[in-house]
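Below: the structure, in structure tokens.
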Amino acid sequence: MREFYRIITIVSLTVICGCSTDDTGKGETGARTETGIFIDSQVSGLKYTTETKSGVTDENGEFEYLEGETVTFYVGDILIGSGIAKENMNPIDIASSNNPDINSIEVKNIAAFLQSLDNDEDPSNGIEITASTVNAITVSSIDFMQPIEKVLGQIIAEVNMSTGSNLSVVYPEEAALHLAENLNLNYDVQNRIFMNFTPTIEDWIPKPPSSIYWVHETKEEGLLATSTLYEKYPNRVVYELRYKEYNSEGLPTSYELDIFENGELNFNEIVEIFYSESNLISKIEKVNMDNSRFEAVQFLELGSDLKIKAAVVQIQNENFNTIYREVYTHLPDGNRKTNSLYSNNGSEVTSVKIYTYNSAGDYLEIEINSPNSTATESFKYRNDHTLESWIKHDPGALSTGRTEEMFFDEEEKRTRWKVTAGDYITNFLYDVDGEGTDVIETYYKGTLIEVITAFADGTSIWKTINSDGSYKMEYKDQNSTITKTEFYDSNGNLIG
């Protein structure tokens, strides 16, 4: 019995000692809780799990683990990687590929994903991934071993439209440079498409950057395959660039451009691209199907961000040839602030456009200053940010001034265009019957004097109304040749 009590006493002391040790910081297994930091700059907002711990990295990028555990990191439900937990971790430590390093596509893609989600778009001061950003992402997985550019474009567009943010995609090569700098590693850029090419070609497209977004898709070998431009409201494709040929640096030398109107293909053209010795875009030429050139744009000056500061444009065809120079300034968000147009010899300013934007990033007003007048273009939007109307007032046009008003439906299809010039008003009414029929009405001093009905098959009827109410009807074929003429009195009776 004494031996029994002695054993009980020893066991009790052991338990007491064990409890005392846990109170000094040891866990149930005897392992101390450690704190690690996930960096590409410190990343906050990452979900993490270990065998015994779970949580979200704080503003310092900190997470908790026990020695020897594996830690797995997520953005929402998206697994970005896992590795043996340690004091300092980064994308290299959680990559699944064999012997990953700064040159691994998986590492660069993870870095690009995290940096693209940074709330203030400045990874040098840390990467903050907010809860609203995480909640806006609908995809549940990403294959970081495959080209990620298209996925990034789609995710960032989704986040921006859901949260009202204005995040920008950080592409893998740029992300790798930042990661290498933070890890004190050397990195040689392997692909300059998103450094040398896309900033300039995106800036040339005449749309406010804040009202649109780009989705670029690359091939497995890193060559750019397509670039698709979408407008945010309504969300639909505007341009699609399909790249055809490349130079020795892997930069595109030509693309086929599809241009869409109201989400439907309108027309396309071929564009050839030329580069400077430093592999920056120096000129583009638009090419007809017979290989003749009809527009050439030479980029005279690019900014440090490779946005266009000055360009010379030449437009020519069998009946028309003009050359002019444009100089641009930009706002901090990338939108153009001004566009100054110079004459052929480049010395005389013919007009200056000044742009203002609304909170959704769309045009609010464009002021057009020329030597003899100032015209304004005003834009009105619905609550869903779709364009409702556009008005241009030019008091210096003609001798009477000119006002144009254009109205759009919920899909931003044009429904009416009203032009007022002195005593004349012309109304263009589009697709009045749902079958492509357009009607043009002209009024003089409030009296209707002409009605043109243009049918989808190219035929038309022209009604000319006299002051006494009588009128003439002309019927025209697809070549605008008059096939029949009728005359009516003021009561609508056929008289000839």
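A short reminder: the numbers here are calculations on the coordinates, not readings from a lab. Predicted, not measured: the structure shown is a model, and the values here were computed from it. Neighbour counts run over all protein chains shown; Cβ positions are idealised from the backbone, glycine included.
Quick rundown of the values:
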{"item": "The stretch 208-241, subset surrounded by fewer than 16 Cβ atoms within 10 Å (Cβ to Cβ) and among the basic types (Lys, Arg), residue nearest to the chain's Cα centre (by Cα)", "result": "Arg236"}
{"item": "Those residues of the stretch 142-153 which are in contact with a strand residue (DSSP E or B) (Cβ under 6 Å, 6 or more places away or on another chain) and not acidic (Asp, Glu), in sequence order", "result": "Ile142, Pro147, Lys150, Gly153"}
{"item": "Selection count, the stretch 353-379, where residues are in contact (Cβ under 8 Å) with a residue 60 or more places away in the chain and not in a strand (DSSP E or B)", "result": "3"}
{"item": "Test: residue in the stretch 409-422 that is surrounded by 15 or more Cβ atoms within 10 Å (Cβ to Cβ) and touching a residue at least 24 places away in the same chain (Cβ under 8 Å)", "result": "yes"}
{"item": "Any hit, the stretch 155-165, residues being more than 14 Å from the chain's Cα centre (by Cα) and surrounded by 19 or more Cβ atoms within 10 Å (Cβ to Cβ)", "result": "no"}
{"item": "Residues located in the stretch 352-366, provided they are of a type in the set (Asp, Glu) and either touching a Cys at 6+ places or on another chain (Cβ under 6 Å) or exposed (fewer than 15 other Cβ atoms within 10 Å of the Cβ) (or both)", "result": "Glu365"}
{"item": "Any hit, the stretch 227-236, residues being in a strand (DSSP E or B), closer than 24 Å to Gln316 by Cα and either in contact with a Pro (Cβ under 8 Å, 6 or more places away or on another chain) or not charged (D, E, K, R) (or both)", "result": "no"}
{"item": "Strands (runs of 3 or more DSSP E) wholly inside the stretch 38-78 containing at least 2 residues that are under 32 Å from the mean Cα position of the chain (by Cα) and of a type outside the set (D, E, K, R)", "result": "70-75"}
{"item": "The stretch 238-260 residues that are within 18 Å of Glu220 (Cβ to Cβ), paired with ones that are charged (D, E, K, R) and surrounded by fewer than 16 Cβ atoms within 10 Å (Cβ to Cβ) (beta carbon under 6 Å, 6 or more apart)", "result": "Arg242/Glu256"}
{"item": "Test: residue in the stretch 383-393 that is aliphatic (A, V, I, L, M) and either outside any loop (DSSP other than H, G, I, E, B) or touching a Leu at 6+ places or on another chain (Cβ under 8 Å) (or both)", "result": "yes"}
